[in-house]
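This report refers to the structure that appears directly beneath it.
The values are calculated or read from the model by the stated rules, or taken from the named source; none is laboratory data. Here the structure is a predicted model, which is why all the values come from computation and not from measurement. Heads up, the Cβs are rebuilt from the backbone with ideal geometry, glycines too, and the neighbour counts pull from every protein chain shown. Side chains are part of the model used for accessible areas, which takes the heavy atoms of the whole protein and leaves out ligands, DNA and RNA. Shrake-Rupley method; radii C 1.70, N 1.55, O 1.52, S 1.80 Å.
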Amino acid sequence: MIYKFLPVLMFLFGSFSGNEKTTKTNEKKNVAAVTVEKNVSFAVKAEQIYHSLQANDLSLPKLESFSKALQGFYRLKEKGLVKKDILTIIDFSLSSNTKRLWIVDLKTNKILYNSLVAHGRNTGDEFANKFSNASSSYQSSLGFYATGEVYQGKHGISLKLDGLEKGINDNARSRAVVVHGADYVAESFVKAHGRLGRSLGCPALPVGITKEVINVIKDKSCLFIYHPTASYKTKLLTEFTV
């Protein structure tokens, strides 16, 4: 007798299965639509904040690097991984001969500093183009960091960093990737050598401003190192380690 009802059962099963597939498809479309809407909304907000920045006669970062940095800052602040409303942006898409580090006070929307900053010796010459999370690579690591504690090292006053992106920069502390000052981060070095000096992977600063910069950004502020490489974009903002 069951054979008589088999076509009906198959029809009903197909209908239920089809409805389930349709529901899942619609749910995915709804999630995608909400994500797009949030992204558009954030992009508008980021652009508004960007155009309200007070440069204090300093240059502004690119809108793209600022927007990505701001998006990560908000996520990290929500998670409690950064505490201060201070955002440091390093744009490694720019020549090392230019001032490609910015420190922004997001409470007042003021640019506090715009400075030269070094990349790792194996990351490139004038331009940064190779990045690594590996020990002894002498390359810079991209992504989001939380600033840590101040200490006295071989370069004088220095600031430890905690990389927050798995596989991208989470070996920063074990690699001793820190903020420190260096004589080779200077306009005079650029004039003599045609490019800025390079570190062992640290974002090194001009000696004259190192102490004041470290005192501003220490103790859980957000530092973001940007580069528009395709391999990095796939993980941007999606794989914070905690």
Of all residues in the range 45-83, which are surrounded by 15 or more Cβ atoms within 10 Å (Cβ to Cβ) and of a type in the set (S, T, N, Q)?
SER65, SER67, GLN71
Among the β-branched types (Val, Ile, Thr), in contact (Cβ under 8 Å) with a residue 12 or more places away in the chain, touching a Phe, Trp or Tyr at 6+ places or on another chain (Cβ under 8 Å) and surrounded by 21 or more Cβ atoms within 10 Å (Cβ to Cβ): does that describe ILE111?
no
Unmet criterion (only one of (1) part of a loop (DSSP other than H, G, I, E, B); (2) surrounded by fewer than 17 Cβ atoms within 10 Å (Cβ to Cβ); (3) of a type in the set (Ser, Thr, Tyr)) for THR123:
(2)
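Residue-wise test of (1) of a type outside the set (A, V, I, L, M); (2) at pLDDT 95 or above; (3) open to solvent by 30 Å² or more (accessible area, probe 1.4 Å).
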site: GLN152; (1), (2), (3): yes, yes, yes
site: ASP183; (1), (2), (3): yes, yes, yes
site: PRO203; (1), (2), (3): yes, yes, no
site: LYS218; (1), (2), (3): yes, yes, yes
site: PHE224; (1), (2), (3): yes, yes, no
site: VAL242; (1), (2), (3): no, no, yes
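Is there a residue being of a type in the set (Lys, Arg), at pLDDT 95 or above and over 14 Å from ILE217 (Cα atoms) anywhere in the range 155-164? Spell out how you get there, then give the answer.
From the range 155-164, those of a type in the set (Lys, Arg) are 160; that's our starting set.
Retained after the next criterion (residues that are at pLDDT 95 or above): 160.
Restricting the remaining residues to those that are over 14 Å from ILE217 (Cα atoms) gives none.
No, the range 155-164 contains no residue that is of a type in the set (Lys, Arg), at pLDDT 95 or above and over 14 Å from ILE217 (Cα atoms).
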Filter pass, PHE42 being in contact with a helix residue (DSSP H, G or I) (Cβ under 9 Å, 6 or more places away or on another chain), at pLDDT below 95 and surrounded by 13 or more Cβ atoms within 10 Å (Cβ to Cβ)
yes
Among the numbered conditions (1) buried (at least 18 other Cβ atoms within 10 Å of the Cβ); (2) of a type in the set (Val, Ile, Thr); (3) over 17 Å from the mean Cα position of the chain (by Cα); (4) in a loop (DSSP other than H, G, I, E, B), tell me where VAL117 comes up short.
(3)
Selection within the range 146-166 - within 18 Å of LEU81 (Cα to Cα) and small (Gly, Ala, Ser)
ALA146, GLY148, GLY163
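Quick check, is LYS99 under 20 Å from GLY208 (Cβ atoms) and open to solvent by 60 Å² or more (accessible area, probe 1.4 Å)? Before the answer, list the steps.
Values: under 20 Å from GLY208 (Cβ atoms): yes; open to solvent by 60 Å² or more (accessible area, probe 1.4 Å): yes.
Yes: the conditions hold for LYS99.
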Over 13 Å from the mean Cα position of the chain (by Cα) and surrounded by fewer than 23 Cβ atoms within 10 Å (Cβ to Cβ): does that describe ALA176?
yes
Scanning the range 133-147 for residues that are open to solvent by 10 Å² or more (accessible area, probe 1.4 Å) and of a type in the set (Gly, Ala, Ser), which turns out nearest to the chain's Cα centre (by Cα)?
ALA134
